[in-house]
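What follows draws every value from the coordinates through simple rules; no lab data is involved. Computed from a prediction, not measured in an experiment: that's the story for all the values here. Here the Cβ is made from the backbone with ideal geometry for all residues, glycine too, and neighbour counts use every protein chain on show.
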Amino acid sequence: MSQRRRMRPEIRRKQILDTAVRFFRTVGYEAASLRDLAADVGINKATIYHYFKSKEEILFHIIDDVGESLLRGLREERAKNSDPLDGLEAMVRFQIGYMEGHLEEIKVIVEEQKSLGSELAERTRVTQGKILELYEKTLTECMDKGLVRRVHLATAAFSILGHINWLYQWYKPTGALTISQLTEEIVSILREGLFLRKGGQGEG
């Protein structure tokens, strides 16, 4: 019983965040009402304030929770692979799979992040910056070993992230491609444009 009581705040917090994702996704952040959100969860509005100070803080935690979880997974994928190119491909594959499992959250993040005030927005950019830095570091290791051709680092990193981050706009799980097929297509496109096949030599 005591364990159930300890877990309850985490479960309730997740219920609030999951419901907020659905509300922000369907009616937009500005139009979403905490009163309606609370009613959907089955609590009163005052209870929400035990978990979050404001609607803005709810949005922040949606963004921050996804960012931290994604960063943690990317770091784990990189650490599993001593070869930086294998690590880079593993990171891409992981992030595509992660995005596919969090399409609703990603749509909210991309379309509603602008609603955050400057202080909370800056906090989310810290995590996003760490993700970019991880890709840039891995790309640098690949270039230094001649595993990919030399390109402008930020352009390459943003190109990879751009391929992935806009999946929420058009990818449909019921569409022509499964997520596995889509992943292979994206990796193939990136490989042709950036990666060299194993044993290749870097350009310039």
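Elements of the type helices (runs of 4 or more DSSP H) sitting completely within segment 57-162 and holding at least 1 residues that are over 28 Å from Ser180 (Cβ atoms): these cover 103-112, 118-144.
Inside segment 4-50, residues that are surrounded by 18 or more Cβ atoms within 10 Å (Cβ to Cβ), without any contact (Cβ under 8 Å) to a residue 60 or more places away in the chain and outside any helix (DSSP H, G or I) make up a count of 1.
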